[in-house]
1. With a point put 7 Å past each Cα toward its Cβ, work out how far LYS148 is from ASP47 in nm, to one decimal.
2. From Cα pairs below 8 angstrom and at least 6 apart in sequence, can you work out the relative contact order of the stretch 73-138, rounded to a whole percent?
3. So what is the relative contact order for the stretch 2-161, in percent, with contacts set as C-alpha pairs under 8 Å and at least six apart?
4. Which order do the peptides 173-180, 162-169 take when ranked by the mean count of other beta-carbon atoms within 10 Å per residue, highest first?
5. Determine the gain in length on full extension of the stretch CYS275-ALA457; use 0.36 nm per residue of separation and subtract their C-alpha separation, reporting nm with one decimal.
6. Please compute the contact order of the chain in relative form: average sequence separation of alpha-carbon pairs under 8 Å and at least six residues apart, divided by the residue count, as a percent.
7. Only helical DSSP H runs with n ≥ 4 go in: add -39500 (n - 2.57) per run for the chain, normalise by residue count and round the 222 nm mean residue ellipticity to 500 deg cm²/dmol.
8. So how far, in whole Å, is the C-alpha centre of the stretch 402-460 from the one of the stretch 176-192?
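Each value in this text was obtained by applying a stated rule to the coordinates, not by laboratory testing. Values in this document were obtained by computation on a predicted structure and should not be read as measured data. Here the Cβ positions follow ideal geometry from the backbone for every residue, glycine too, while neighbour counts run over all protein chains shown.
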Amino acid sequence: MFAVIYQVPARPGVGMLSIAGQPLIERQLQWLRAVGCQRVALEIGTDPESSKLACWLAEHEALGADVTIVLSKNPLGAADVAQRAGFPVGVPLLAVPADVIGDGDLTHLYRVANASGAWAMTSPPEGTPYPLESGVVRLLGPRREHPKIVDGAGWTARVRTVREAMALGSAALMRRLPEQGGPHAWSIQMHASEIEPGIWVARGASVDPEAKLKAPVLIGTEAIVRAGAQVGPNAFIGDRAVIDADAVVVDSTVEPGTIVGEGVNLRDCIASPWCVTELAGGPGAPLEDSLIISYRDRHSKAPLGSRIAALAILFVLILPASLVYLARALFGLSSWRSERFFSKDGPVRLRVGTTGVGFVDLVPRLYDVLRGGRALVGVATMVSAVDGVSPGLLVDAMSAPFGAIDIEPALVPEGGDLEVRLRGRAWYAHAKSRSIDLTLLKSLFWIRMGRAIRLSATSTPTPAAPISRG
């Protein structure tokens, strides 16, 4: 059986919405595997959120087996996605919108469909704290006629917002969704243990006995909930997050790695290390005070040796760089900006210098190394995806670590196009080591020396020809 998960216009990256601790795309693939799909084509866009989805899928090789990624700048439609994925022509296939999840046994569509296919019309699950809209799954047949409409078994629902994802996740935590069996092909799985009805705690999490948990609550892997904190109802705490003493988290999602400071009150919002966003769809409110919301990193990308080297370089450059910063500040000019990028390890906030002076713009990057956001040696920030580039190549290229010292010119021959650049990054992501970095740094040195010699040669004035005085 073949299946396509195709993009929904104006909803890029919807597959990364978390349903009970796992992204929607994982739930969809589990569902399709449960009904017997051997091959799945997944359409993703070129925006950062979709790139994050591609990186996530690359990290979960078992789940991503036999999944073909189809990269498209604009939504293609299920039939075109299947064609680009190389599916056999004329073979019936299931078409699932990127924002639809369910548990029905879709094989019954094959039994009742006509040659043009079928639509499965099903109702959303009952018992959710927030009303959901029903979803539609199609079986595309060899003909393009109007398909037969079938009252589908099980349930399907559209999950387009964080609030809808939380509603479905809360129903799953409270065991209000149908269990597997009969028309229900599978059930939403919990990667945690239920210590009390509706209260789930994942492996490695630490919950103080003095903390107050009110169902439904999900505490992620290696998360910490301190004494006096109130978590729930309808609270989803991401992996490695910290809920400090006397903090309150109600009807909210705390993203992985986020530290919620002491006494902070979060209600109806999404908390990340960089901002808090209201579930009602309001704008994100940036948080400058890291004592309130900050980031807890599990592993530093830069080992101790790289940090010491970065600190030594920073010590040499900080004085002249400070003079440049001061001069620009007098004219009201900023010297760096902070940008959010997506990498193999998830979202990362990096500093980018804006002075145009090489050694000065190196200073904020070295600071990122000390914070653990960058490697000392690596590639520049991520390039945008374009048509004609293999999605698999793009995913491999995104695994290359961002570095304070950019060795990419040594990876790519002068004049190399984007595909060559991505291939160099993909190789570097898998081959990176101290010896490789040292070799690339040497190559980079000689490349720059050669450019300096050529520039010097072209700028040296040629002697004027003597004037003949006949």
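1. Calculated label separation equals 3.8 nm.
2. It comes to 32 percent, rounded to a whole number.
3. Taking the mean separation of contacting Cα pairs over the length of the stretch 2-161, I get 26 percent.
4. Descending packing order for the listed peptides: 162-169, 173-180.
5. Full extension of this stretch gives 60.3 nm more.
6. Rounded, it is 9 percent for the chain.
7. Helices in the chain give a 222 nm mean residue ellipticity of -9500 deg cm²/dmol.
8. 52
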